[in-house]
Amino acid sequence: MHLIDSHCHLDFSIFDLDRDQILSRCNDLGIKSLIIPAVTVSSWQRLLSVCAQSKVLHPALGLHPMFMQEHKPEHIDHLKDSVTQHKRTLVAIGEIGLDFYLPDHDKQAQTVLFTEQLKIAQDTELPVLLHVRKAHDQTVSCLKKHPVNGGIVHAFNGSMQQADHYQKLGFLFGVGGAITHPNATRLRSLMAQLPLSSLVLETDSPDMPIANMIGTRNSPENIPKILATLAELRSETAEEIALITTQNCQRLIKL
C-alpha cells in the first residue's frame, strides 16, 4: 500500500527529537510521501533543510493567513525569489488562503496577500495548498479571478455547493483526523458523499488529532486510521480508497 500525507508540518520543532523514527514507522505503514507546507518566512529555511534530509518529504512555501501579524509586504518578493531558487524541489505554493474565523481579522489584508500568492502560483504553474475558514465563497471568487493549476483545500468543511465550485476549478479536498470524531456528523456525511476522485488524505500534524487523542501530538502515522474511518463511512474498501487518494494526489502534485 502506498499512502500519502498531503498536509503535515513535520518541520515543526515538536518533532525534532523523533522525526527519523516517525519516518521509519511511516515507511513501515506504507506512508511513502509527506507534503510539508510552510506558514511564515522565518520557517522556510528550516522547512527546506528538514525536507532535504529525506526523499519522502516534499516542501511547499507560502504565507499562512493565521499569521498576518508576522507577514510584511516584502515577504511576497521573498516568496518569488525563494520559489525561483528552489523550483526543482518545491511541489506547491502553500499554506495560503483566507481565515475569516479569526477574531479581528482584516479581510482586505488577507485577500491582498492571498491574491499575490495566487499570482506566484500562476507564474510558476504550481498547485496551491489552501487554508480556508469561514471564507469559502470569497476564496472561490479569488480563484476564479486568478486561476491556478488546481490544489488541495486542506481540512475542507464547507457545503456540497462550495465543494462543487472547487471541483470545477481543479481542487481536491483534504480528509483528516476530524472525521474520526463520532460527533462530527456533518463532516462525516460530507466526506461520505464527495466523489472519491476528489479526496486526498492528510493529518495536519501536529494539529488536528484523531479521536481519543485530544491534547496529544498528532503524527503522520495516523494516516491509516483516517483511511480506516473513511472506509467505514463510504462504500469503497480501504484498499480502493488508498489507491485512488494516492493517485489523486500524484496527479495534482509532482512527488
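The values are calculated or read from the model by the stated rules, or taken from the named source; none is laboratory data. These figures come from a predicted structure and were not determined experimentally. Positions of Cβ are generated from backbone atoms using ideal geometry, with glycine treated the same way; all protein chains shown enter the neighbour counts.
Structural remarks
- Flag if Ala228 is of a type in the set (Gly, Ala, Ser), part of a helix (DSSP H, G or I) and over 21 Å from Gln162 (Cβ atoms): yes
- Here Leu172 clears all of (1) over 14 Å from the mean Cα position of the chain (by Cα); (2) over 21 Å from Gln69 (Cβ atoms); (3) not small (Gly, Ala, Ser) except the condition numbered (1).
- Matching residues in region 92-128 - criterion: being in contact with a Phe, Trp or Tyr (Cβ under 7 Å, 6 or more places away or on another chain) and without any contact (Cβ under 8 Å) to a residue 40 or more places away in the chain: Ile96, Lys107
- Of all the criteria given as (1) in contact (Cβ under 8 Å) with a residue 60 or more places away in the chain; (2) over 29 Å from Leu196 (Cβ atoms), the one not satisfied by Thr89 is (1).
- Test for Gly174: is it in contact (Cβ under 8 Å) with a residue 60 or more places away in the chain and either touching a Phe, Trp or Tyr at 6+ places or on another chain (Cβ under 8 Å) or over 22 Å from Leu255 (Cβ atoms) (or both): yes
- Taken as a whole, the condition of being of a type in the set (S, T, N, Q), under 16 Å from the mean Cα position of the chain (by Cα) and not in a helix (DSSP H, G or I) does not apply to Asn183.
- Taking the numbered list (1) within 24 Å of Met208 (Cβ to Cβ); (2) of a type in the set (Val, Ile, Thr); (3) touching a strand residue (DSSP E or B) at 6+ places or on another chain (Cβ under 7 Å) in turn, Val140 passes all entries but (3).
- Residues (surrounded by 13 or more Cβ atoms within 10 Å (Cβ to Cβ) and at pLDDT below 95) located in region 83-138: Leu102, His105
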